[in-house]
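So the structure is just underneath, and the comments pick up after that.
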Amino acid sequence: QLLEVAELSVSPQFFVKAAKWAWERGDVDEALQAYRFAANLAPDDAVIGLGFARVLESQGRSAEAISELRRVVQENPGEGTAWRQLASLLHPADVQAAIEAAEMAMTVDNSDASHALFGALAMKARSYATASSVYEKLTARDAKNPYYFYWLAMARLAEQNCAGGLESLSEVIRLRSSWGEAHVVQIRAHALCGAAPERVKARRKALALL
(Lines give C-alpha, C1' and ligand atoms only; values in the text may rest on other atoms or scores of the structure.)
Protein backbone atom coordinates (compact mmCIF):
# COMPACT_ATOMS: atom_id res chain seq x y z
CA GLN A 1 0.00 0.00 0.00
CA LEU A 2 2.85 2.38 0.80
CA LEU A 3 4.33 1.62 -2.62
CA GLU A 4 0.98 2.48 -4.24
CA VAL A 5 0.89 5.79 -2.38
CA ALA A 6 4.47 6.55 -3.44
CA GLU A 7 3.69 5.72 -7.09
CA LEU A 8 0.52 7.79 -6.99
CA SER A 9 2.35 10.80 -5.61
CA VAL A 10 4.62 10.96 -8.68
CA SER A 11 1.81 10.39 -11.17
CA PRO A 12 0.93 13.44 -13.30
CA GLN A 13 -2.75 12.42 -13.19
CA PHE A 14 -2.62 12.66 -9.38
CA PHE A 15 -1.62 16.32 -9.69
CA VAL A 16 -4.24 16.97 -12.41
CA LYS A 17 -6.91 15.68 -10.02
CA ALA A 18 -5.42 17.75 -7.21
CA ALA A 19 -5.56 20.81 -9.47
CA LYS A 20 -9.24 20.19 -10.26
CA TRP A 21 -10.09 19.72 -6.59
CA ALA A 22 -8.24 22.92 -5.67
CA TRP A 23 -10.01 24.79 -8.47
CA GLU A 24 -13.41 23.58 -7.33
CA ARG A 25 -12.83 24.86 -3.80
CA GLY A 26 -11.55 28.18 -5.12
CA ASP A 27 -7.86 27.74 -4.35
CA VAL A 28 -6.41 29.10 -7.59
CA ASP A 29 -2.78 29.22 -6.47
CA GLU A 30 -2.81 25.59 -5.39
CA ALA A 31 -4.54 24.57 -8.62
CA LEU A 32 -1.84 26.30 -10.67
CA GLN A 33 0.92 24.73 -8.58
CA ALA A 34 -0.59 21.27 -9.01
CA TYR A 35 -0.94 21.76 -12.76
CA ARG A 36 2.66 22.92 -12.93
CA PHE A 37 3.80 19.75 -11.13
CA ALA A 38 1.76 17.64 -13.56
CA ALA A 39 3.24 19.43 -16.60
CA ASN A 40 6.75 18.98 -15.26
CA LEU A 41 6.17 15.26 -14.68
CA ALA A 42 4.67 14.73 -18.14
CA PRO A 43 6.17 17.42 -20.42
CA ASP A 44 5.04 15.58 -23.55
CA ASP A 45 1.39 15.27 -22.43
CA ALA A 46 -0.46 17.83 -24.54
CA VAL A 47 -3.74 17.44 -22.65
CA ILE A 48 -2.11 18.40 -19.35
CA GLY A 49 -0.26 21.33 -20.94
CA LEU A 50 -3.42 22.61 -22.62
CA GLY A 51 -5.33 22.39 -19.34
CA PHE A 52 -2.59 24.27 -17.52
CA ALA A 53 -2.57 26.98 -20.19
CA ARG A 54 -6.35 27.39 -19.97
CA VAL A 55 -6.18 27.86 -16.20
CA LEU A 56 -3.40 30.45 -16.61
CA GLU A 57 -5.42 32.28 -19.27
CA SER A 58 -8.53 32.30 -17.09
CA GLN A 59 -6.51 34.16 -14.44
CA GLY A 60 -5.35 36.81 -16.89
CA ARG A 61 -1.83 35.38 -17.03
CA SER A 62 -1.68 35.35 -20.82
CA ALA A 63 2.10 35.64 -21.11
CA GLU A 64 2.56 32.53 -18.95
CA ALA A 65 -0.16 30.71 -20.88
CA ILE A 66 1.57 31.54 -24.17
CA SER A 67 4.88 30.33 -22.76
CA GLU A 68 3.27 27.04 -21.70
CA LEU A 69 1.63 26.60 -25.11
CA ARG A 70 4.93 27.24 -26.87
CA ARG A 71 6.41 24.48 -24.73
CA VAL A 72 3.50 22.18 -25.59
CA VAL A 73 3.84 22.67 -29.36
CA GLN A 74 7.59 22.18 -29.12
CA GLU A 75 6.98 18.82 -27.42
CA ASN A 76 3.97 18.00 -29.60
CA PRO A 77 4.39 19.71 -33.00
CA GLY A 78 1.61 17.62 -34.50
CA GLU A 79 -1.03 18.78 -31.99
CA GLY A 80 -3.38 21.05 -33.94
CA THR A 81 -5.45 22.00 -30.88
CA ALA A 82 -2.35 23.39 -29.16
CA TRP A 83 -1.40 25.45 -32.22
CA ARG A 84 -4.97 26.85 -32.42
CA GLN A 85 -5.00 27.74 -28.74
CA LEU A 86 -1.62 29.44 -29.13
CA ALA A 87 -2.86 31.41 -32.14
CA SER A 88 -5.96 32.54 -30.24
CA LEU A 89 -3.85 33.84 -27.36
CA LEU A 90 -1.29 35.52 -29.59
CA HIS A 91 -3.63 37.43 -31.89
CA PRO A 92 -4.57 40.39 -29.65
CA ALA A 93 -0.93 41.50 -29.45
CA ASP A 94 0.81 39.88 -32.44
CA VAL A 95 -1.40 39.07 -35.40
CA GLN A 96 1.48 37.86 -37.58
CA ALA A 97 2.67 35.37 -34.95
CA ALA A 98 -0.94 34.25 -34.50
CA ILE A 99 -1.28 33.70 -38.26
CA GLU A 100 1.89 31.60 -38.28
CA ALA A 101 0.56 29.46 -35.40
CA ALA A 102 -2.82 29.07 -37.12
CA GLU A 103 -1.07 28.08 -40.35
CA MET A 104 0.81 25.40 -38.43
CA ALA A 105 -2.49 24.14 -37.01
CA MET A 106 -3.95 24.03 -40.50
CA THR A 107 -0.91 22.16 -41.80
CA VAL A 108 -0.79 19.51 -39.08
CA ASP A 109 -4.48 18.63 -38.76
CA ASN A 110 -6.17 20.07 -41.87
CA SER A 111 -9.36 20.56 -39.83
CA ASP A 112 -12.20 22.98 -40.55
CA ALA A 113 -11.54 24.63 -37.17
CA SER A 114 -7.92 25.36 -38.09
CA HIS A 115 -8.86 26.68 -41.54
CA ALA A 116 -11.60 28.90 -40.07
CA LEU A 117 -9.20 30.36 -37.49
CA PHE A 118 -6.58 31.02 -40.16
CA GLY A 119 -9.22 32.70 -42.33
CA ALA A 120 -10.41 34.91 -39.47
CA LEU A 121 -6.87 35.99 -38.66
CA ALA A 122 -6.18 36.70 -42.34
CA MET A 123 -9.25 38.96 -42.35
CA LYS A 124 -7.97 40.78 -39.26
CA ALA A 125 -4.59 41.26 -40.97
CA ARG A 126 -6.42 42.57 -44.07
CA SER A 127 -4.99 39.75 -46.17
CA TYR A 128 -8.25 39.46 -48.05
CA ALA A 129 -7.00 37.35 -50.96
CA THR A 130 -5.66 34.79 -48.49
CA ALA A 131 -8.91 34.85 -46.53
CA SER A 132 -10.93 34.38 -49.73
CA SER A 133 -8.86 31.35 -50.66
CA VAL A 134 -9.35 29.79 -47.23
CA TYR A 135 -13.12 30.39 -47.15
CA GLU A 136 -13.48 29.04 -50.68
CA LYS A 137 -11.95 25.79 -49.44
CA LEU A 138 -14.25 25.77 -46.43
CA THR A 139 -17.38 26.32 -48.52
CA ALA A 140 -16.28 23.47 -50.79
CA ARG A 141 -15.87 21.23 -47.74
CA ASP A 142 -19.13 22.25 -46.10
CA ALA A 143 -21.60 23.70 -48.57
CA LYS A 144 -24.32 23.97 -45.92
CA ASN A 145 -22.52 26.30 -43.53
CA PRO A 146 -23.82 29.87 -44.00
CA TYR A 147 -21.05 31.34 -41.86
CA TYR A 148 -18.37 30.20 -44.29
CA PHE A 149 -20.22 31.78 -47.20
CA TYR A 150 -20.77 34.97 -45.18
CA TRP A 151 -17.07 35.44 -44.49
CA LEU A 152 -16.21 34.48 -48.06
CA ALA A 153 -18.56 37.28 -49.13
CA MET A 154 -16.91 39.75 -46.75
CA ALA A 155 -13.44 38.83 -47.99
CA ARG A 156 -14.50 39.14 -51.62
CA LEU A 157 -16.19 42.49 -51.06
CA ALA A 158 -13.06 43.75 -49.30
CA GLU A 159 -11.13 42.73 -52.45
CA GLN A 160 -13.60 44.81 -54.51
CA ASN A 161 -14.93 41.57 -56.01
CA CYS A 162 -18.55 42.69 -56.09
CA ALA A 163 -19.90 39.88 -58.25
CA GLY A 164 -18.27 37.21 -56.11
CA GLY A 165 -19.37 38.87 -52.89
CA LEU A 166 -22.98 39.18 -54.00
CA GLU A 167 -22.97 35.57 -55.19
CA SER A 168 -21.77 34.41 -51.77
CA LEU A 169 -24.33 36.58 -49.96
CA SER A 170 -27.12 35.07 -52.04
CA GLU A 171 -25.95 31.64 -50.92
CA VAL A 172 -25.89 32.78 -47.28
CA ILE A 173 -29.50 33.94 -47.51
CA ARG A 174 -30.55 30.77 -49.34
CA LEU A 175 -29.08 28.71 -46.51
CA ARG A 176 -30.35 30.93 -43.69
CA SER A 177 -33.09 33.23 -44.87
CA SER A 178 -33.77 34.59 -41.38
CA TRP A 179 -30.27 36.02 -40.93
CA GLY A 180 -30.99 39.75 -40.77
CA GLU A 181 -27.36 40.85 -40.85
CA ALA A 182 -26.78 39.01 -44.12
CA HIS A 183 -29.76 40.82 -45.67
CA VAL A 184 -28.40 44.18 -44.51
CA VAL A 185 -24.95 43.45 -45.95
CA GLN A 186 -26.55 42.32 -49.23
CA ILE A 187 -28.52 45.57 -49.46
CA ARG A 188 -25.40 47.63 -48.79
CA ALA A 189 -23.39 45.62 -51.32
CA HIS A 190 -26.06 46.12 -54.00
CA ALA A 191 -26.21 49.84 -53.17
CA LEU A 192 -22.45 50.19 -53.57
CA CYS A 193 -21.61 47.91 -56.46
CA GLY A 194 -24.71 46.50 -58.09
CA ALA A 195 -26.03 47.51 -61.51
CA ALA A 196 -27.90 50.84 -61.66
CA PRO A 197 -31.41 49.36 -61.19
CA GLU A 198 -30.14 47.18 -58.33
CA ARG A 199 -28.55 50.19 -56.62
CA VAL A 200 -31.83 52.10 -56.74
CA LYS A 201 -33.75 49.08 -55.44
CA ALA A 202 -31.21 48.52 -52.67
CA ARG A 203 -31.36 52.13 -51.54
CA ARG A 204 -35.16 51.89 -51.33
CA LYS A 205 -34.84 48.74 -49.20
CA ALA A 206 -32.30 50.49 -46.99
CA LEU A 207 -34.61 53.47 -46.50
CA ALA A 208 -37.47 51.12 -45.65
CA LEU A 209 -35.35 49.62 -42.87
CA LEU A 210 -34.68 53.02 -41.28
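The values are calculated or read from the model by the stated rules, or taken from the named source; none is laboratory data. As the structure is a prediction and not an experimental result, all values here were calculated from the model. Quick reminder, even Gly has a Cβ in these numbers, built from the backbone with ideal geometry, and neighbours come from all protein chains shown. What goes into the accessible areas is simple: the full protein's heavy atoms, side chains included, and nothing from ligands, DNA or RNA. Shrake-Rupley method; radii C 1.70, N 1.55, O 1.52, S 1.80 Å.
Annotations
- Alpha-carbon centroids, segment 109-182 and segment 12-28: separation in whole Å: 41
- Computed over protein heavy atoms with a 1.4 Å probe, the carbon and sulfur contribution to the accessible area of the chain reaches 54%.
- Our summary gives segment 86-144 a relative contact order of 25 percent, counting only alpha carbon pairs under 8 angstrom and 6 or more residues apart.
- Using R0 = 22 Å, the C-beta based FRET efficiency linking residue 113 and residue 44 works out to 0.45.
- Charge dipole magnitude, Cβ of K and R +1, D and E -1 - the chain, Cα centre, debye nearest 20: 1540
- Heavy atoms of residue 184: accessible area, 1.4 Å probe, square angstrom to 10: 50
- Model label points for residue 137 and residue 67, set 7 angstrom from Cα along the Cα-to-Cβ axis, are 3.4 nm apart.
- Computed over the chain, relative contact order equals 8 percent, with contacts defined as Cα pairs under 8 Å that lie 6+ residues apart.
- Among the protein heavy atoms, those of residue 61 account for about 80 Å² of accessible surface (1.4 Å probe, every chain in place).
- The distance between label points at residue 167 and residue 183 comes to 2.5 nm (points 7 Å beyond Cα on the Cα→Cβ vector).
- Three-way shape call for segment 52-123 based on the alpha-carbon gyration tensor, with the a/c threshold at 1.5: oblate
- Cα gyration tensor shape of segment 120-177, rounded if a/c is under 1.5, else prolate or oblate by comparing a/b with b/c: oblate
- Charge dipole (debye, nearest 20) of segment 1-98; +1 at Cβ of Lys and Arg, -1 at Cβ of Asp and Glu: 220
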